[in-house]
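*Asks:* Mind looking over this structure? Questions follow.
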Amino acid sequence: MKIVKNTVVSLSYTLSDAQNELIEQSSEPMVYLHGGYENTFPKIEQTLEGQELGFEAKIQLEPTEAFGEYDAELIRVEPRSRFPEPLEVGMQFEGLLDEEDEDEDPDDLPIYIVTDIAEDHVVLDGNHPLAGVALRFDLKVVAVRAATAEEIDHRHVHGADGLALHSDTPEDDSAPLLH
């Protein structure tokens, strides 16, 4: 079966930076609904369009094609008193830091990562951990199937038991970076 709109594609992959430093290697296939549903990067979809089971590719995505350029304006220094105990570097917080931004769409709320903690302040970074990084993918198509009507309607893949195959919760450190 060819990879076209409304097919479910399973990929094994290795993700490296431009210096070939390994970032992530799939232990389980990444599974996504093909066809512009924003379940993976557009350049990956373009590369796979019309391909079949067993197809392999090496592609590079520039920061603008992946997680964007690093934005220094997304670094925030906030009073330590605004945060719970215990607080650790690496913790993530979803939400807005400015009251004037309360009209934001809840689906567009930024995720801030704690990068430094001092006695009276906390440094937060709202950039994706891979912002500003060119990414190299080694991809292999390990399965292709027609999507179900429900998957198309929901705009994402469901597992054999009807559950989504990935977690959208930021606390799930085991979730692949590509979702």
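*Asks:* Would you mind stating whether Leu33 is closer than 19 Å to Leu130 by Cβ and hydrophobic (A, V, I, L, M, F, W, C)?
*Replies:* no
*Asks:* Another one. Just one of (1) open to solvent by 40 Å² or more (accessible area, probe 1.4 Å); (2) within 17 Å of the chain's Cα centre (by Cα) trips up Ala72, so point out which.
*Replies:* Result: Ala72 passes all but (2).
*Asks:* Turning to a different aspect of this structure: Quick one: which residue in Ser16, Ser12, Ser27 is loosely packed, with under 15 Cβ neighbours inside 10 Å and not charged (D, E, K, R)?
*Replies:* Sole residue among the options that is loosely packed, with under 15 Cβ neighbours inside 10 Å and not charged (D, E, K, R): Ser27.
*Asks:* Take the range 1-27 and flag every residue that is within 26 Å of Gly132 (Cα to Cα) and either acidic (Asp, Glu) or touching an Asp or Glu at 6+ places or on another chain (Cβ under 7 Å) (or both).
*Replies:* Selection gives Tyr13, Thr14, Leu15, Asp17, Glu21, Ile23, Glu24.
The values are calculated or read from the model by the stated rules, or taken from the named source; none is laboratory data. Note that the structure is predicted; figures quoted are calculated from it, not measured. Reconstructed Cβ throughout: ideal geometry from the backbone, glycine too, with neighbour counts over all protein chains shown. Keep in mind that these areas ignore ligands, DNA and RNA; they rest on the heavy atoms of the full protein, side chains included. Shrake-Rupley method; radii C 1.70, N 1.55, O 1.52, S 1.80 Å.
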